[in-house]
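Here's the structure we're looking at; comments come further down.
The values are calculated or read from the model by the stated rules, or taken from the named source; none is laboratory data. If you're wondering where the values come from, they're calculated on a predicted model, not measured in any experiment. Note: ideal-geometry Cβ built from the backbone for every residue, glycine included; neighbour counts use all protein chains shown. Note: areas computed on protein heavy atoms with side chains; ligands, DNA, RNA excluded. Shrake-Rupley method; radii C 1.70, N 1.55, O 1.52, S 1.80 Å.
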Amino acid sequence: MQISMTVAEYLLILAGLAMVVNGIIIYGRRTSDWTGVLKMFYNRIGMAVEEFKWYRLGVASLILGVIIRIVNLTLWPA
């Protein structure tokens, strides 16, 4: 059980990072404003539906990976 949770944790975190980066790349290609990518993290910018879906799905995956990490460390301390 511990090994499967560890694998799920790393897969969710890597998939989340890939999805966030994908959303950022789609935004950058659409607008050609690569400095606007920095605004994505602290300010609201005009994102298309596809970019928003990738970005939010990536953030949700990262959060789920962190939750699994906390549960994994709670049940099986290193």
If you go through 13, 26, 70, the only one that is free of Cβ contacts under 8 Å to residues at least 12 places away in the same chain and not hydroxyl-bearing (Ser, Thr, Tyr) is 70
Only one of 13, 24, 63 is surrounded by 12 or more Cβ atoms within 10 Å (Cβ to Cβ), in contact with an Asp or Glu (Cβ under 9 Å, 6 or more places away or on another chain) and of a type in the set (Val, Ile, Thr), namely 24
Subset of segment 32-42, residues open to solvent by 40 Å² or more (accessible area, probe 1.4 Å), in a helix (DSSP H, G or I) and either among the hydrophobic types (A, V, I, L, M, F, W, C) or in contact with a helix residue (DSSP H, G or I) (Cβ under 9 Å, 6 or more places away or on another chain) (or both), comes to 38, 41
Of the listed residues (55, 27), the one being over 30 Å from residue 4 (Cα atoms) and under 16 Å from the mean Cα position of the chain (by Cα) is 27
Subset of segment 58-78, residues within 23 Å of residue 1 (Cα to Cα), touching a Gly at 6+ places or on another chain (Cβ under 9 Å) and not aliphatic (A, V, I, L, M), comes to 61, 65
Those residues of segment 38-78 which are closer than 25 Å to residue 10 by Cβ and among the small types (Gly, Ala, Ser) amount to 58, 60, 61, 65, 78
| task | Inspect segment 43-58 for any residue being open to solvent by less than 100 Å² (accessible area, probe 1.4 Å), of a type in the set (Val, Ile, Thr) and either part of a helix (DSSP H, G or I) or modelled with pLDDT of 95 or more (or both) and give the result as yes or no. | result | no
